[in-house]
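Student: Take a look at this one; I'll ask things after.
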Amino acid sequence: MNGNQRTVDPWRDFRDGPWRETIDVADFVHRNHEPYLGDASFLTGPTERTLAVWDRLRALFPEERRRGVYDIDAATPSTITAHAPGYVDRERELIVGLQTDAPLRRAIMPAGGLRMVETALRAYGREPDRRVHEIFTRYRRTHNDAVFDAYPEDVLAARRSHIVTGLPDAYGRGRIIGDYRRVALYGVDRLIEERRAHKAALDGRRSTDDVIRDREELAEQIRALGELKEMAAGYGFDISRPAATGQQAIQWLYFGYLAATKEQNGAAMSLGRTAGFVDVYLRRDIVEGRLDETGAQELVDDFVIKLRIIRFLRTPEYDQLFSGDPTWVTESLGGMGADGRPLVTRTTFRYLQTLYNLGPAPEPNLTVLWSPRLPDGFKRFCAQVSLDTSAIQYENDELIRPAYDDDTAIACCVSAMRVGRDMQFFGARVNLAKALLYAINGGRDELTGEQVAPPTPPVGGETLDHDEVLAAYDRTLDWLAQTYVDALNVIHHQHDRYAYERLEMALHDHPVRRFMATGVAGLSVAVDSLSAIRYGRVKVLRDETGLAVDYAVEGEFPTYGNDDDRADEIAVWLVETFAAKLRRQRAYRDAELTMSVLTITSNVVYGRHTGNTPDGRRAGEPFAPGANPMNGRDTHGLVAAALSVAKLPYDAARDGISLTGTVTPDGLGHTREERITNLAGVLDGYADAGGFHLNVNVLDRATLLDAMAHPERYPQLTVRVSGYAVNFVRLTPEQQRDVVSRTFHGSL
Amino acid sequence: MAPGAAPPVLDGAVHSWDTSIGVDGPGTRFVVFLAGCPLRCRYCHSPDTWYGRSGRRRTVDEMVATIARYRRFVQVAGGGVTVSGGEPLLQPRFTGELLRRCHALGLHTALDTSGFLGDRADDALLDATDLVLLDVKAGRPETYRRVTGTGRLAPTLRFARRLADRGTPMWIRYVLVPGLTDAVDEVARVADVAAGLTGVARVEVLPFHRLGAHKYAELGLAFPLADTAPPDPELLARVRGQFVERGLTVT
């Protein structure tokens with residue numbers, strides 16, 4: 001843009017280090033970031049310019065909400081360069097770039113799966129494009145087709161019966177975070193040069209499967225980087241060189257992210273850990289007199305506006321599963337440095353401030369890496385933002401940093417990865433409650449009677465015997481682990497072949513560390529059921545074919561979520577047992593098997609597909625989300641529930657353990673100051689107890705009920721559900737009822 | 001240990017326990033609700049704690065073992081333990097020992113009481129109490145009787161003065177019920193009492209609510225205030241204002 005800046009050293013005044021010689025953004029941040037230890041009083045409100053841009057978009061949202069999508073470009077399969085540049089408000093925007101040529105116009109990404117694209121188009125009243133159909137059926141295979149060609153029969157059966165579910169086999173897998181900061185710090189030419197060197201290094205190796213694949217992937221990455229430059233040039237920017245100002249740094253970084261979202265309809269397209277990086281540039285601008293606080297906040301606001309309008313075309317069923325229209329543009333904020341200095345900067349505050357300047361919103365998914373050692377001013381601001389917006393989530397930096405490093409970010413909801421060094425093969429989750437029913441029924445599905453798991457002797461007798469059930473469950477979990485990882489191996493092999501994340505992987509180290517991130521749902525239902533069988537008496541009611549279809553529980557039994565070791569130990573046992581079974585499987589590309597206890601909002605759908613359970617839960621009733629205690633069974637308050645969840649070992653569930661807690665404002669104290677102090681105190685206590693993740697909703701039940709009745713009055717009401725914030729009025733009525741029925745931890 | 005040498009096991013009727021944040025004393029609290037209360041307040045939201053028999057016998061050791069699990073959490077979160085009820089001073093030995101043991105663990109301790117049985121709290125119990133949440137239910141003896149059915153105001157006032165003389169910090173609580181405790185003169189008397197005591201760190205005006213109504217239904221009892229609406233914001237502001245005027249900190 002500005003010709004003068006071409007002659008300016010983009011790295012002027014930066015502290016030197018190894019980052020100059022090798023691609024190492026973490027080193028750059030360590031050497032150049034300046035902790036901010038103060039409070040939020042320096043922050044500024046939105047400028048007229050910011051509000052004008054945001055209002056232009058806000059005017060489109062009601063229409064989008066009404067129709068499900070605002071607009072679709074159904075004829076142009078998306079690539080980094082497929083669409084002409086688009087603008088929201090060309091005169092006013094500070095950060096530019098849209099996924100297509102117009103705001104909220106969604107792109108199609110058939111490489112992940114044509115069926116998903118065409119189903120979605122039809123659902124929104126659009127005819128699929130014939131040329132696109134021809135290309136992706138006749139000339140080009142999709143990931144979706146390739147997966148189903150290679151799925152074995154038992155995976156198909158497990159998928160059909162919803163014991164294994166949510167698999168990324170029809171769309172992009174996501175959860176891969178490119179280190180978009182590299183684009184800003186090094187410029188694209190340097191990144192291409194580095195990829196070329198990696199590729200050249202492979203020339204000396206024999207052309208085995210692995211080496212061939214690596215060479216091809218590197219070639220694709222280099223090509224994607226070239227397209228990234230081309231895309232930016234379309235907007236008038238030369239990003240071959242490093243960014244020289246704060247505005248450029250955000251713009252370059254955003255271009256990197258934007259290109260990824262043009263190429264991939266990933267389940268979660270997370271941003272990484274950018275605030276501390278951006279702060280180095282904004283601080284330099286302020287010192288140089290280029291920018292003041294208002295200007296710095298404006299840039300952050302404008303960037304966040306762009307992140308709020310990331311859109312993907314998905315089917316209504318997908319949106320139903322995950323509540324609304326999630327993109328999981330997760331940004332990880334705060335945390336402590338390995339050197340003991342907090343990684344909190346003024347820009348960390350500025351990111352949070354967007355929730356005031358632009359109003360609450362689920363995206364970007366602002367995630368605070370919490371440590372009791374964080375500066376008090378930052379802790380209090382976070383607590384305040386939670387009170388006011390319910391829009392941020394917390395993850396325990398004291399668990400993440402030792403397990404990964406201090407430049408780690410969350411993908412999606414709770415999945416930690418070192419930025420640019422780790423990637424993961426996203427694996428959705430299996431239904432542990434249903435697996436218990438399979439164990440009791442000898443591998444038959446409790447709803448259909450179909451033999452899904454290999455036939456084993458059903459658990460007999462009128463009353464369930466604990467040891468017999470446990471032995472059967474163990475066998476079922478063996479089968480489940482094997483079938484599940486089998487499915488994931490197929491999915492990720494084919495995804496690498498047919499829908500490879502060229503750009504995101506170009507922004508990773510080579511070679512990269514890979515995780516295979518599995519997950520479990522229905523933990524609390526399975527645990528309470530086992531507790532009922534062990535501590536109470538569970539009678540089985542069978543249908544005429546001998547299938548156990550219902551249970552009658554007699555006697556009291558301890559339930560998970562009350563800090564009662566008798567129940568909580570079952571939860572720990574189940575998490576550790578299943579994790580160990582998973583780890584014994586051989587994963588594609590020798591990925592490390594990890595596991596999450598996370599459902600997002602799919603707990604509703606899992607519950608719908610699961611019959612009566614021995615804990616007394618009725619068929620179809622929603623599960624509790626994530627690692628939460630079953631709704632209403634945690635009777636000793638949020639802290640007791642949190643302590644139960646905190647017992648689940650992070651070592652066995654390295655992909656994250658999710659807890660969602662809802663408190664009423666009155667349940668946190670009488671005055672605003674007190675509530676801030678108390679919420680920060682609870683977060684300290686939970687982190688100290690070893691809890692991994694906490695979603696905090698500060699809401700009245702009455703507010704939610706009113707929002708159900710009058711959605712038009714609450715366009716921005718945000719609630720957090722198991723790792724993700726959603727726009728409450730976009731939930732289905734069933735999901736809304738689920739949120740309302742969740743335990744409200746309000747004191748009487 | 002030889003038979004007979006063990007000290008008598010001290011136990012009490014415990015209705016339940018809970019964790020709460022910011023509403024039963026400062027910070028995150030472990031709250032023990034004891035069973036049994038001599039009063040029958042018309043607005044009571046926990047009729048299930050009226051009788052000692054509705055609790056379970058728990059030893060002090062048992063309760064302390066449970067509390068110890070939360071010790072670190074409540075300390076890190078800036079809280080402590082609150083002994084509530086029912087009326088904890090109906091079981092003064094159990095309450096006193098529980099407070100003493102919690103205090104010995106380094107926990108901040110609070111006693112949530114009507115003060116009606118304040119005479120039963122010995123000095124050792126109060127030595128182990130960092131804060132008393134004193135529920136002053138009325139300013140006039142006749143209102144006190146009408147609110148509680150069975151109680152008298154004088155013992156509470158006597159207890160309050162004793163706490164002030166000892167230097168035990170207090171939070172004065174006042175449940176605001178339209179038509180029952182909302183008269184200007186009624187509130188003024190309570191405010192006068194509070195303002196005249198040293199050690200009143202704050203006054204909590206608690207708006208009446210009907211969230212305990214279902215408990216009456218479950219117990220087959222009539223809820224006397226079933227038709228009384230919670231106070232509106234204007235009334236709440238007026239009453240809080242009456243305390244603020246006396247220079248008190250009000251929440």
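Student: Only residues that are within 8 Å of chain B (Cβ to nearest Cβ) and either buried (at least 22 other Cβ atoms within 10 Å of the Cβ) or not in a loop (DSSP other than H, G, I, E, B) (or both): list them for segment A:684-702, please.
Tutor: A:Asp684, A:Gly685, A:Tyr686, A:Asp688 - these are the residues of segment A:684-702 that are within 8 Å of chain B (Cβ to nearest Cβ) and either buried (at least 22 other Cβ atoms within 10 Å of the Cβ) or not in a loop (DSSP other than H, G, I, E, B) (or both).
Student: Picking from B:Gly27, B:Gly55, which residue would you name as being away from chain A (no Cβ under 14 Å) and open to solvent by less than 50 Å² (accessible area, probe 1.4 Å)?
Tutor: B:Gly55
Student: Let me ask something else. Do you know which residues across segment B:212-236 are open to solvent by less than 70 Å² (accessible area, probe 1.4 Å), assigned to a helix (DSSP H, G or I) and within 14 Å of chain A (Cβ to nearest Cβ)?
Tutor: The answer is B:Ala213, B:Lys215, B:Tyr216, B:Leu236.
Student: Here's another thing I want to ask about it. Of the residues A:Arg67, A:Arg31, which is out of contact with any helix residue (DSSP H, G or I) (no Cβ under 9 Å at 6 or more places or on another chain), in contact (Cβ under 8 Å) with a residue 12 or more places away in the chain and basic (Lys, Arg)?
Tutor: The conditions single out A:Arg67.
Student: (1) more than 19 Å from the chain's Cα centre (by Cα); (2) over 22 Å from B:Val9 (Cβ atoms); (3) among the hydrophobic types (A, V, I, L, M, F, W, C): which one isn't true of B:Ala68, the others all being true?
Tutor: Going through (1) more than 19 Å from the chain's Cα centre (by Cα); (2) over 22 Å from B:Val9 (Cβ atoms); (3) among the hydrophobic types (A, V, I, L, M, F, W, C) one by one, B:Ala68 breaks only (2).
Student: Of the residues A:Gly340, A:Gly335, only one is modelled with pLDDT of 95 or more and open to solvent by 10 Å² or more (accessible area, probe 1.4 Å); which?
Tutor: A:Gly340
Student: Only one residue in A:Leu503, A:Leu477 is over 29 Å from A:Pro152 (Cα atoms), in a helix (DSSP H, G or I) and either of a type in the set (A, V, I, L, M, F, W, C) or at pLDDT below 95 (or both), so which one is that?
Tutor: A:Leu503
Student: Please count how many residues of segment B:164-207 are free of Cβ contacts under 8 Å to residues at least 40 places away in the same chain, under 16 Å from the mean Cα position of the chain (by Cα) and away from chain A (no Cβ under 14 Å).
Tutor: 2
Student: How many residues are under 23 Å from A:Asp651 (Cβ atoms) and free of Cβ contacts under 8 Å to residues at least 40 places away in the same chain if we restrict to segment A:580-629?
Tutor: 1
Conditions (1) among the polar types (S, T, N, Q); (2) over 17 Å from the mean Cα position of the chain (by Cα); (3) in a loop (DSSP other than H, G, I, E, B), marked per residue:
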position: B:Leu126; (1), (2), (3): no, no, no
position: B:Thr129; (1), (2), (3): yes, no, yes
position: B:Leu134; (1), (2), (3): no, no, no
position: B:Ala138; (1), (2), (3): no, no, yes
position: B:Tyr144; (1), (2), (3): no, no, no
position: B:Thr156; (1), (2), (3): yes, no, no
position: B:Phe159; (1), (2), (3): no, no, no
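Student: May I ask you to verify whether B:Thr19 is within 20 Å of B:Leu206 (Cβ to Cβ), in contact with a Cys (Cβ under 9 Å, 6 or more places away or on another chain) and within 14 Å of another protein chain (Cβ to nearest Cβ)?
Tutor: Here the answer is no, as B:Thr19 does not meet what is asked.
Student: Could you check segment A:628-658 and list, in sequence order, the residues that are of a type in the set (A, V, I, L, M), over 25 Å from A:Ile410 (Cβ atoms) and either at the interface with chain B (Cβ under 10 Å from one of its Cβ atoms) or in a strand (DSSP E or B) (or both)?
Tutor: Passing the criteria: only A:Ala640.
Student: From A:His495, A:His508, which residue is part of a helix (DSSP H, G or I), touching a strand residue (DSSP E or B) at 6+ places or on another chain (Cβ under 9 Å) and buried (at least 24 other Cβ atoms within 10 Å of the Cβ)?
Tutor: A:His495
Student: Take the conditions aromatic (Phe, Trp, Tyr) and either surrounded by 23 or more Cβ atoms within 10 Å (Cβ to Cβ) or within 23 Å of A:Asp214 (Cα to Cα) (or both) and apply them to A:Tyr535. Does it pass?
Tutor: no
Student: Next question, about the same structure. Can you tell me how many residues within segment A:544-566 are under 29 Å from A:Pro649 (Cα atoms) and touching an Asp or Glu at 6+ places or on another chain (Cβ under 7 Å)?
Tutor: Summing the residues that are under 29 Å from A:Pro649 (Cα atoms) and touching an Asp or Glu at 6+ places or on another chain (Cβ under 7 Å) in segment A:544-566 gives 5.
Student: How many residues are farther than 19 Å from B:Leu157 by Cβ and at pLDDT 95 or above if we restrict to segment B:180-233?
Tutor: Here the count works out to 3.
Student: Here are some conditions: (1) crowded, with 16+ Cβ neighbours inside 10 Å; (2) under 30 Å from A:Arg284 (Cα atoms); (3) in contact (Cβ under 8 Å) with a residue 60 or more places away in the chain. A:His83 meets all but one. Which one does it not meet?
Tutor: Evaluating A:His83 over (1) crowded, with 16+ Cβ neighbours inside 10 Å; (2) under 30 Å from A:Arg284 (Cα atoms); (3) in contact (Cβ under 8 Å) with a residue 60 or more places away in the chain leaves (2) as the failure.
Student: Here is a further query. Do you know which residues across segment A:589-617 are under 13 Å from A:Ala526 (Cα atoms), in a loop (DSSP other than H, G, I, E, B) and either open to solvent by 10 Å² or more (accessible area, probe 1.4 Å) or not hydroxyl-bearing (Ser, Thr, Tyr) (or both)?
Tutor: A:Gly611, A:Asn612, A:Pro614, A:Asp615, A:Gly616, A:Arg617
Student: Identify the residue in segment A:659-677 that is without any contact (Cβ under 8 Å) to a residue 40 or more places away in the chain and open to solvent by less than 10 Å² (accessible area, probe 1.4 Å) and, among all such residues, is farthest from the other protein chains (Cβ to nearest Cβ).
Tutor: Ranking the candidates gives A:Leu659 first.
Student: Tell me which of these B:Val244 doesn't satisfy, since it passes every other one: (1) among the β-branched types (Val, Ile, Thr); (2) open to solvent by 40 Å² or more (accessible area, probe 1.4 Å); (3) in contact (Cβ under 8 Å) with a residue 24 or more places away in the chain.
Tutor: Among (1) among the β-branched types (Val, Ile, Thr); (2) open to solvent by 40 Å² or more (accessible area, probe 1.4 Å); (3) in contact (Cβ under 8 Å) with a residue 24 or more places away in the chain, B:Val244 violates only (3).
Student: What tally of residues in segment A:231-241 results from selecting those that are surrounded by fewer than 20 Cβ atoms within 10 Å (Cβ to Cβ) and under 30 Å from the mean Cα position of the chain (by Cα)?
Tutor: Qualifying residue count for the region: 1.
Student: Here are some residues: B:Leu90, B:Leu10, B:Leu34. Which one is more than 12 Å from every other protein chain (Cβ to nearest Cβ), open to solvent by 20 Å² or more (accessible area, probe 1.4 Å), in contact with a Pro (Cβ under 8 Å, 6 or more places away or on another chain) and among the hydrophobic types (A, V, I, L, M, F, W, C)?
Tutor: After ruling out the rest, the residue left standing is B:Leu90.
Student: Let me ask something additional. Tally up the residues in segment B:154-186 that are open to solvent by 10 Å² or more (accessible area, probe 1.4 Å) and closer than 30 Å to B:His103 by Cβ, please.
Tutor: The total comes to 13.
Student: For segment B:58-87, how many residues meet the condition of being within 14 Å of chain A (Cβ to nearest Cβ) and within 28 Å of A:Gly690 (Cβ to Cβ)?
Tutor: Within segment B:58-87, residues that are within 14 Å of chain A (Cβ to nearest Cβ) and within 28 Å of A:Gly690 (Cβ to Cβ) number 20.
Student: Being closer than 30 Å to A:Arg418 by Cα, basic (Lys, Arg) and either touching a Gly at 6+ places or on another chain (Cβ under 9 Å) or surrounded by 15 or more Cβ atoms within 10 Å (Cβ to Cβ) (or both) is the requirement here; does A:Arg15 meet it?
Tutor: no
Student: Tell me, which residue of segment A:703-718 that is assigned to a helix (DSSP H, G or I) and either open to solvent by less than 10 Å² (accessible area, probe 1.4 Å) or within 14 Å of chain B (Cβ to nearest Cβ) (or both) is nearest to A:Thr660 (Cα to Cα)?
Tutor: Step by step, filter segment A:703-718, then rank; the result is A:Leu704.
Student: Another question, then. How many of the residues making up segment B:16-59 are within 28 Å of A:Leu387 (Cβ to Cβ) and of a type in the set (Asp, Glu)?
Tutor: So the answer is 2.
The values are calculated or read from the model by the stated rules, or taken from the named source; none is laboratory data. Fair warning: this is a prediction, and the values are worked out from it, not measured in the lab. Ideal geometry is used to build each Cβ from the backbone, glycine not excepted, and the neighbour counts take in all protein chains shown. Side chains are part of the model used for accessible areas, which takes the heavy atoms of the whole protein and leaves out ligands, DNA and RNA. Shrake-Rupley method; radii C 1.70, N 1.55, O 1.52, S 1.80 Å.
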